[in-house]
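Everything on this sheet refers to the single structure shown next.
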Amino acid sequence: MALRQQLFGNQGDWLEHTLAHAGDTLPETEGRLPDGSRIRRRALGVLELTPARAEANANQEALIVSAGVHGNETAPIEVLNGLLEELLEGHGSLACPLLLILGNPAAMVAGTRFVDVNMNRLFHGAHRRADYQGRPEAARARALEDHCRAFARTHSGLALSHYDLHTAIRPSHREKFALYPFVSGRQVPSAQCDFLLEAEVETLLLQHKEGTTFSSFSASELGAESFTIELGKVRPFGQNDLGRFTGIRDALRRRFRGAPAPRPARTLTVFEVVHEILNTGEGFQLHIPDDVANFTEYAPGTVIWDDPDTCYRVGERPEAIVFPNREVPVGQRAGLMIRARD
Ligand SMILES: O=C(O)CCC(=O)N[C@@H](CCC(=O)O)C(=O)O
Ligand SMILES: [Zn+2]
């Protein structure tokens, strides 16, 4: 049976197949790429690729690349699907093991950030909370964690990186930026900074505490060098200007093929996350205009949010806001406050 037929049935590619079978439980299946690499469909929207020759892995690494954890963030989905198409067509040879993930098929079909609960707040144990039991996105988060754990175990001798690709709801003074999950005692490796620059991501936010995002899971539980990478603006499928996403496309293509990294021509601008704004419930007020762009700066002493019991003011140095969102449920993130690193 032809490889595409084996993997995608009557659908033309991975993305179409994932959309067509959202909600279905599918048997595992596998085949061989033109370069002899093995490709296994572990689950709907989860593909594991293993190079034909282990010695081709010059960088001695394994990569997890995810997109579509939020279903309306379609550009990274289209980029990842395009990179897979290149491998399926025999363009270039795979050098390193890959786990490719389309995170939330049901939300991708709906064209929404999520269907029931924000899946990117369900990782790193959150999906085990009592109030999330029986919720499809919690079950999907648990399943994705299991696939990532198995992949990390299989390739425990390789350096593991995880790039969780997103796009942002709002405009941003810095279009492309990455978030580096907090893990006590570690620093971001310079090679990872160079990769971000290669992908045209020139801004890095260092998280200040562990979280429940996909990248926080892979960093904390798998020891991966993980990043959430924000690559532009939310757009419906087919309405993305993919010319704005060639940086991440070309950088991932190079990593997939095991080619040497280019010398970076720029340096990263680094911010520290200093405060996570949570919706505290009754009386919570976020004093940020609805149309404010990410990285809008606020002067020392500015009140950012308050509720009947407390308030948050900008400290002694200017801070900027990222991901402001007053619509989140009580207890969830309504924004991040960041400060330029010294
Ligand atoms: O634009 C927004 O408000 C959110 C964009 C988005 O989905 N960002 C991620 C960031 C994850 C992280 O903090 O690493 C999210 O909110 O899940
Ligand atoms: Zn997102």
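Which residue is surrounded by the most Cβ atoms within 10 Å (Cβ to Cβ), if the candidates are limited to the stretch 155-173 and must be over 13 Å from the mean Cα position of the chain (by Cα) and within 16 Å of ligand 2 (Cβ to nearest atom)? Even if it seems obvious, please write down each step before you answer.
Here is the first cut: in the stretch 155-173, the residues over 13 Å from the mean Cα position of the chain (by Cα) are 155-160, 169-173.
Narrowing the set further to residues that are within 16 Å of ligand 2 (Cβ to nearest atom) leaves 169-172.
Numbers: ILE169: 17, ARG170: 18, PRO171: 13, SER172: 20.
Here the residue is SER172.
Please enumerate the residues belonging to the stretch 218-257 that are within 16 Å of ligand 2 (Cβ to nearest atom) and either more than 22 Å from ILE277 (Cβ to Cβ) or outside the structural domain of ALA138 (by the TED database) (or both). First the steps, then the outcome.
Step one: filter the stretch 218-257 for residues within 16 Å of ligand 2 (Cβ to nearest atom), giving 218, 226-237, 240, 245, 248.
Those that are within 16 Å of ligand 2 (Cβ to nearest atom) and either more than 22 Å from ILE277 (Cβ to Cβ) or outside the structural domain of ALA138 (by the TED database) (or both): SER218, SER226, LEU231, GLY232, ARG235, PRO236, PHE237, ASN240, PHE245, ILE248.
Of the residues PRO289, PRO260, which is farther than 27 Å from PRO318 by Cα and either within 16 Å of ligand 1 (Cβ to nearest atom) or part of a loop (DSSP other than H, G, I, E, B) (or both)? So that I can check it myself, show each step before the final result.
Working: PRO289 fails: farther than 27 Å from PRO318 by Cα.
So the residue among PRO289, PRO260 that is farther than 27 Å from PRO318 by Cα and either within 16 Å of ligand 1 (Cβ to nearest atom) or part of a loop (DSSP other than H, G, I, E, B) (or both) is PRO260.
Against the definition (more than 15 Å from ligand 1 (Cβ to nearest atom) and in contact (Cβ under 8 Å) with a residue 60 or more places away in the chain), how does LEU99 come out, yes or no?
On the way: more than 15 Å from ligand 1 (Cβ to nearest atom): yes; in contact (Cβ under 8 Å) with a residue 60 or more places away in the chain: no.
Against the criterion (more than 15 Å from ligand 1 (Cβ to nearest atom) and in contact (Cβ under 8 Å) with a residue 60 or more places away in the chain), LEU99 does not qualify.
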Which one of these is modelled with pLDDT of 95 or more and touching a Lys or Arg at 6+ places or on another chain (Cβ under 8 Å): VAL183, VAL201, VAL188?
VAL201
Condition first: within 15 Å of the chain's Cα centre (by Cα) and in a helix (DSSP H, G or I). Now tell me which residues in the stretch 196-215 satisfy that.
LEU196, PHE214, SER215
Please indicate, with yes or no, whether at least one residue in the stretch 263-276 is at pLDDT 95 or above, closer than 30 Å to ASN81 by Cα and out of contact with any Lys or Arg (no Cβ under 7 Å at 6 or more places or on another chain).
yes
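Does the stretch 230-246 hold any residues that are out of contact with any helix residue (DSSP H, G or I) (no Cβ under 7 Å at 6 or more places or on another chain) and either not β-branched (Val, Ile, Thr) or not in a helix (DSSP H, G or I) (or both), and which are they? Even if it seems obvious, please write down each step before you answer.
Our first condition is that a residue be out of contact with any helix residue (DSSP H, G or I) (no Cβ under 7 Å at 6 or more places or on another chain); within the stretch 230-246, this holds for 230, 233-234, 238-239, 241, 243-244, 246.
Passing the criteria: GLU230, LYS233, VAL234, GLY238, GLN239, ASP241, GLY243, ARG244.
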Answer yes or no as to whether VAL183 is crowded, with 20+ Cβ neighbours inside 10 Å and either farther than 28 Å from PRO329 by Cβ or over 14 Å from the mean Cα position of the chain (by Cα) (or both).
no
From (1) away from ligand 2 (no atom under 15 Å from the Cβ); (2) under 15 Å from SER218 (Cβ atoms); (3) touching a Lys or Arg at 6+ places or on another chain (Cβ under 7 Å), pick out the condition that doesn't hold for ALA95.
(2)
Scan the stretch 108-135 and report the pairs whose first residue is assigned by the TED database to the domain that holds PHE227 and away from ligand 2 (no atom under 16 Å from the Cβ) and whose second residue is among the small types (Gly, Ala, Ser) and in a loop (DSSP other than H, G, I, E, B), with Cβ atoms within less than 6 Å and a gap of 6+ or a chain change.
VAL109/ALA22
Looking at (1) more than 30 Å from LYS233 (Cα to Cα); (2) without any contact (Cβ under 8 Å) to a residue 24 or more places away in the chain, which one does ASP35 not meet, given that it meets all the others?
(2)
GLU282 meets each of (1) away from ligand 1 (no atom under 14 Å from the Cβ); (2) surrounded by fewer than 22 Cβ atoms within 10 Å (Cβ to Cβ); (3) within 15 Å of the chain's Cα centre (by Cα) with one exception, condition (3)
What's the number of the only condition in (1) closer than 30 Å to ALA58 by Cβ; (2) surrounded by fewer than 18 Cβ atoms within 10 Å (Cβ to Cβ) that SER226 fails to meet?
(2)
Among the residues of the stretch 292-342, which ones are touching a residue at least 24 places away in the same chain (Cβ under 8 Å), of a type in the set (A, V, I, L, M, F, W, C) and not in a loop (DSSP other than H, G, I, E, B)?
ILE304, TRP305, ALA320, ILE321, VAL322, ALA334, LEU336, MET337, ILE338, ALA340
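The values are calculated or read from the model by the stated rules, or taken from the named source; none is laboratory data. Values in this document were obtained by computation on a predicted structure and should not be read as measured data. Every residue, glycine among them, receives a Cβ derived from its backbone with ideal geometry; neighbour counts consider all protein chains shown.
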